[in-house]
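Written below as structure tokens is the structure these notes are about.
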Amino acid sequence: MRRGTTLLELLIGIALVAMLLVLAIPGAGRVRDRLAVDAAAHALANAHVRARLLAVTERRPALLTLTDDSLVLRVLESPTDTALRWRDAGPRAGGVSSAGLPRVVTFAPNGTTLGVANSTTTLSRGAAQKQVIVSRYGRVRIP
């Protein structure tokens, strides 16, 4: 009866595992990039939806400030005063770069954007890329 493995069998097993890792690691990096870009795109889209909903429910203009480092939502209390309602990390926190930021989007009490036609923000990391498109009516889509 044989107990255990020989050195040759062990080395062949290690070589097979090493070859599988060499094939899998580059693919894992692409998956990580795609997941980071997806998460940043959805965070950006959710910030727009939250700002639009806040403007409609409170019947006051809401200002969404979008930068690479932060997403900040304020509501207009008076013509010269704003109140902070929400803050979150921007796309850079996940290692995602963006084109189209910084920008301030103002949502009117009826949910439309003021002073902005359709806007597009492109998020990318590695080979992964996604766009977040906001219509003049405040609707967000991620194609």
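Close Cβ contacts (under 6 Å, 6 or more residues apart or on different chains) running from residues in the range 89-107 that are closer than 9 Å to residue 123 by Cβ to residues that are outside any strand (DSSP E or B) and small (Gly, Ala, Ser) comprise 91/40; 96/36; 96/40. Residues that are under 17 Å from the mean Cα position of the chain (by Cα), part of a loop (DSSP other than H, G, I, E, B) and farther than 16 Å from residue 42 by Cα occur at least once in the range 118-129. For the range 99-119, the set of residues classified as in contact with a Gly (Cβ under 6 Å, 6 or more places away or on another chain) and either within 24 Å of residue 36 (Cα to Cα) or among the β-branched types (Val, Ile, Thr) (or both) consists of 112, 113, listed by residue number.
The listed residues are 111, 138, 95, and the only one of them that is at positive phi and loosely packed, with under 14 Cβ neighbours inside 10 Å turns out to be 95. For the range 57-77, indicate whether the set of residues that are farther than 21 Å from residue 139 by Cα, among the acidic types (Asp, Glu), over 14 Å from the mean Cα position of the chain (by Cα) and not in a helix (DSSP H, G or I) is non-empty. Within the range 57-77, one or more residues are farther than 21 Å from residue 139 by Cα, among the acidic types (Asp, Glu), over 14 Å from the mean Cα position of the chain (by Cα) and not in a helix (DSSP H, G or I). Residues in the range 31-47 that are touching a Leu at 6+ places or on another chain (Cβ under 6 Å) and more than 13 Å from residue 93 (Cα to Cα): 47 only. I need a count of the residues in the range 41-84 that are closer than 23 Å to residue 130 by Cα, of a type in the set (A, V, I, L, M) and free of Cβ contacts under 8 Å to residues at least 24 places away in the same chain. Residues in the range 41-84 being closer than 23 Å to residue 130 by Cα, of a type in the set (A, V, I, L, M) and free of Cβ contacts under 8 Å to residues at least 24 places away in the same chain: 1 in total.
Since every read-out is calculated from the coordinates, none of them should be taken as a lab result. This is a predicted model, so every value here is computed, not measured. Here Cβ is always computed from backbone atoms with ideal geometry, including for glycine, and neighbour counts include all displayed protein chains.
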